[in-house]
Amino acid sequence: MGRRLVNIRIWFWLLLASASAAHACRYSVRDTGFVDLGTPFFRLELFSAGPASQDVWSSLAGAAATALSDSNIRFSTNSDARPGESALLRLVDSEGRILSIASGGSLPRTSPAAALLLKSIAHSPMRERLMAEALRSYAVVLLIEGENTAANEQARGSAEQAILSIARLMPGMPKPVEIPP
């Protein structure tokens with residue numbers, strides 16, 4: 001009987017510990033806000049046209065290691081350019097859409113110029129603001145308005161209602177955050 005009572009107590013404590021752990025992790029989504037969950041990357045491609053673009057490649061490759069480290073952009077080179085074409089730097093998304101960044105004489109030939117260009121591609125004042133707010137707030141709501149004014153107002157109203165609902169629930173959450181969305 002005594003051994004059975006010890007086993008029941010052990011099971012009770014294990015059950016209680018697992019139940020409280022399951023309850024505590026309900027709000028851990030906020031803790032994983034900056035975890036990469038397989039988001040597709042952008043490719044920053046340098047199409048080179050031979051040895052003349054070696055200095056451009058060197059400056060970009062060196063600067064990319066630091067300037068792009070915290071972004072979803074990966075630097076690569078591609079030597080598919082035909083002889084006689086100038087080098088080309090372009091950004092390619094996961095769907096194959098292309099944004100030309102620079103070509104020929106406008107490509108950076110020094111590491112400081114390359115770092116400045118890459119930072120302007122990977123960082124923006126809005127990105128910096130979103131990251132700062134996401135770290136100190138429960139959540140960040142970013143509303144990007146379209147051309148339909150009525151739909152914009154409806155989306156704004158829905159967002160405001162959601163923010164108010166979450167703000168009312170925040171005091172009872174196990175991981176307190178002072179600033180609502």
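The values are calculated or read from the model by the stated rules, or taken from the named source; none is laboratory data. Owing to the predicted nature of the structure, the values given are computational and were not obtained by experimental measurement. Here Cβ is always computed from backbone atoms with ideal geometry, including for glycine, and neighbour counts include all displayed protein chains. Areas reflect the complete protein model, heavy atoms only, side chains present, ligands, DNA and RNA absent. Shrake-Rupley method; radii C 1.70, N 1.55, O 1.52, S 1.80 Å.
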If we ask which residues in segment 116-172 are over 30 Å from L60 (Cα atoms), in contact (Cβ under 8 Å) with a residue 40 or more places away in the chain, more than 14 Å from the chain's Cα centre (by Cα) and part of a helix (DSSP H, G or I), their number turns out to be 1
Checked G96, G105 against criteria (modelled with pLDDT under 85, surrounded by fewer than 10 Cβ atoms within 10 Å (Cβ to Cβ) and within 30 Å of S48 (Cβ to Cβ)); the one match is G105
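Looking at segment 131-148, which of its residues are loosely packed, with under 10 Cβ neighbours inside 10 Å and either within 15 Å of I179 (Cβ to Cβ) or β-branched (V, I, T) (or both)? Give the derivation first.
Within segment 131-148, the first condition is being loosely packed, with under 10 Cβ neighbours inside 10 Å, and the residues that meet it are 142, 144, 146-147.
Across segment 131-148, the qualifying residue is only I144.
Output yes when any residue across segment 65-82 is at pLDDT 75 or above and of a type in the set (D, E, K, R), and no when none is. If you could, list the steps in order and put the result at the bottom.
The first filter runs over segment 65-82 and keeps only residues at pLDDT 75 or above, leaving 65-77.
Right, trim to of a type in the set (D, E, K, R) and you get 70, 74.
Within segment 65-82, one or more residues are at pLDDT 75 or above and of a type in the set (D, E, K, R).
Mind listing whichever residues of segment 59-76 are assigned to a helix (DSSP H, G or I) and either free of Cβ contacts under 8 Å to residues at least 24 places away in the same chain or open to solvent by less than 30 Å² (accessible area, probe 1.4 Å) (or both)?
Residues of segment 59-76 that are assigned to a helix (DSSP H, G or I), as a first pass: 59-67.
Result: S59, L60, A61, A63, A64, A65, A67.
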Of the conditions (1) modelled with pLDDT under 70; (2) farther than 30 Å from A139 by Cα; (3) within 25 Å of the chain's Cα centre (by Cα), the single one that R30 does not satisfy is (2)
